[in-house]
Amino acid sequence: MLTWQQLHDLKCAELLDAADGWAAVSTQADAARDRISGEMIRGLEATQKGVAAPAAIGRLRRLDRNYDYIRTECGLVRTTLSSLVYELIGFQGQLKDALDDAASLGFTVAADGSVSYPAGGQSAIPDRPNPGGSVSADTPVMSRPPTLSTLHPGLVDPNPNRAKAQDIADRIRRVLTAAREADEHFSTALTRLKAEPGLDVTDATWKDAAADLAAVRKVSGDRLKKTIPTGASPAERHDWWTHLSPSQRDEYLAACPDIIGNLDGIPAVVRDEANRENLQMLIGKLAGVDDKEARAKLDGMRSIDQQLGAGSEPPMYLLGIGDEGNGRAIVSYGNPDTAKNVSAYVPGFGTKLDTSFAGNDLKRAHDTAVGARLVDPDNPTASIAWLGYDAPQFAPEKFLLVDKLTENFAVADDHDANAGATSYNEFMAGISATHETGDPHVTAVGHSYGSLTVGLAAQRDGGIPGADDIILVGSPGTEARTADALGVGRDHVYVGAAKNDIVTQLPSKAEVNGTVTGTLLGGPALGGYLGRTFERATGGPDQLYFGTDPASHTFGARRFATGDGPPLLDGGQLISSIVDWDKDPKLPSPDVSAHSHYFDPDADRISARNIARIVAGKGDKIDHEDPR
């Protein structure tokens, strides 16, 4: 059992040296991992062909995961030791204060913590002080000096030194009790930090690593977590991070990768490092959950993990990852802290963290990065796919189901967009804070419902931080009457609206109300008539569901050319003939892919090229199209 002498003599500097040693191992493992993934694997992929190459690459990827796990666990050992030292230094300080008080009073502290005190005070015998004695923290309360005037004087030692000695003994006991508890808890946490035999680092291994992280945080009392300025502005967070020592930064990365990785204002390289680790822990966590939503997120995360491992050009940076809501993921192609041109794309209806996002939405960001580099080869571009909010979860074709208009439009309100707008602006402020030159060309890009999110973000006080241009594609409206309300000037608001994109032709809210009422009263024909009547009476033909059509003359933005996209139906069938297509497999299904082709150079070369020009700061080179 820990004694006060052991606590007093403990050399905390040696424990700190041990923590530094574990930190060095973690750093070396990180460097080895970088060399494997950044040099060896990419080198093999670029130069070697044949059946042996994939096998060698597979073994290297396995080794890469081992080094990643070593880095994580050694970092946690370092954090645990550092936190223990932090606690023990505090306990040593309290013990020293008690011992110093004892020495100044001429008291003696025994090995068992008892305190001896000298004679003192005036006794009943003239010229003879009250005798000295010894007390410990175990001394019965009734024989201690009184704290209440009602206490019988016969039960009390009249020597005033006794009360002081008792206080010192109690303080020593309290600090020893706390130190022993800390020692026990931290020992338990350190015991957890060991790997099972073997070389395979599986989902279960990372799940155990997540539990290790939770255990370390618990014993450390979230010491580091409490000091992270999560409530500060991105600029203030960046300043905080900048003034940390390299050792302090490593400790935060080891103990709080989920917080640091998702904290706006932290440099992109740091966020990427933290989130790659957090991604593995989330995969381990979700692998043990058997429900549909968890499986969808797990599949999406695994797809992102595979793409990170495979590498890309421009390189990928994982700027955010989480399993809250419908899932969170922020991926950048190119480093936004060093790129001259930075774009941040917000997806829309039906988007969530799944394989569709990991495939389709990430591809849109990648296509934009590649296209912008072709337009401006002299300056690097970072193109970001930002899934930092929950979008309404239904597909665009559901708008065609007249009998479900009420249900469809009930979820198509601006609640999610408003929440997303706040988070998006926070993220964009972080991009401005961490950029190394402080003067990138920034483009905010919103697709589908994401254009509403971007539009609402632009209408907040101060607009979208750092934004020079705004692109709205496949937009159902922004709740702005004109482009002037978006804060960058109408000449810097660009709109793409394909002829056959159903979302850019959604009815206004007045028309929806009329259609629903009419349908209930007299069927689709009366619904359509009343809807058009209400729309003309309350808004005019330039109104979509979320306000003025961004592609209209009234809105005043610069409309760029796009492909028409495929028609909803082949053969010119009427929409009214397929209102029940989801119920009757004999009816033709609508083709809504015109809503999804804007970024794809293979499906819509015209639109993708125009988007790339705007992102590269060449908006004056776009192919124009007349407003509606």
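The values are calculated or read from the model by the stated rules, or taken from the named source; none is laboratory data. Quantities reported herein were computed from a predicted structural model and do not represent experimental measurements. Don't worry about glycine lacking a Cβ; one is built from the backbone with ideal geometry, like all the others, and counts go over all protein chains shown.
Listed values, structure above:
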{"read-out": "Where residue 438 falls short, out of the listed (1) in a loop (DSSP other than H, G, I, E, B); (2) surrounded by fewer than 20 Cβ atoms within 10 Å (Cβ to Cβ); (3) in contact (Cβ under 8 Å) with a residue 24 or more places away in the chain", "value": "(3)"}
{"read-out": "Helices (runs of 4 or more DSSP H) lying entirely in the stretch 167-285 (those with 2 or more residues that are outside the structural domain of residue 5 (by TED's automatic domain parsing))", "value": "234-242, 246-255, 257-260"}
{"read-out": "Given (1) assigned to a helix (DSSP H, G or I); (2) under 26 Å from residue 350 (Cβ atoms); (3) of a type in the set (A, V, I, L, M, F, W, C); (4) modelled with pLDDT of 55 or more, index of the condition residue 498 fails", "value": "(1)"}
{"read-out": "Unmet requirement for residue 235, which otherwise passes all of (1) within 19 Å of the chain's Cα centre (by Cα); (2) without any contact (Cβ under 8 Å) to a residue 60 or more places away in the chain", "value": "(2)"}
{"read-out": "Complete set of residues in the stretch 289-310 that are outside any helix (DSSP H, G or I) and either among the acidic types (Asp, Glu) or touching a strand residue (DSSP E or B) at 6+ places or on another chain (Cβ under 9 Å) (or both)", "value": "290, 291"}
{"read-out": "Members of the stretch 471-495 that are at positive phi and either of a type in the set (Lys, Arg) or not in a loop (DSSP other than H, G, I, E, B) (or both)", "value": "none"}
{"read-out": "Set 302, 295: member being surrounded by fewer than 22 Cβ atoms within 10 Å (Cβ to Cβ) and free of Cβ contacts under 8 Å to residues at least 12 places away in the same chain", "value": "295"}
{"read-out": "Considering residues of the stretch 176-200 that are among the hydrophobic types (A, V, I, L, M, F, W, C) and at pLDDT below 80 only, the residue nearest to residue 10 (Cα to Cα)", "value": "195"}
{"read-out": "Looking only at the stretch 338-379, and only at residues there that are in a helix (DSSP H, G or I) and acidic (Asp, Glu), the one that is surrounded by the most Cβ atoms within 10 Å (Cβ to Cβ)", "value": "361"}
{"read-out": "Test set (1) in a helix (DSSP H, G or I); (2) at pLDDT 90 or above - residue 468 fails condition number", "value": "(1)"}
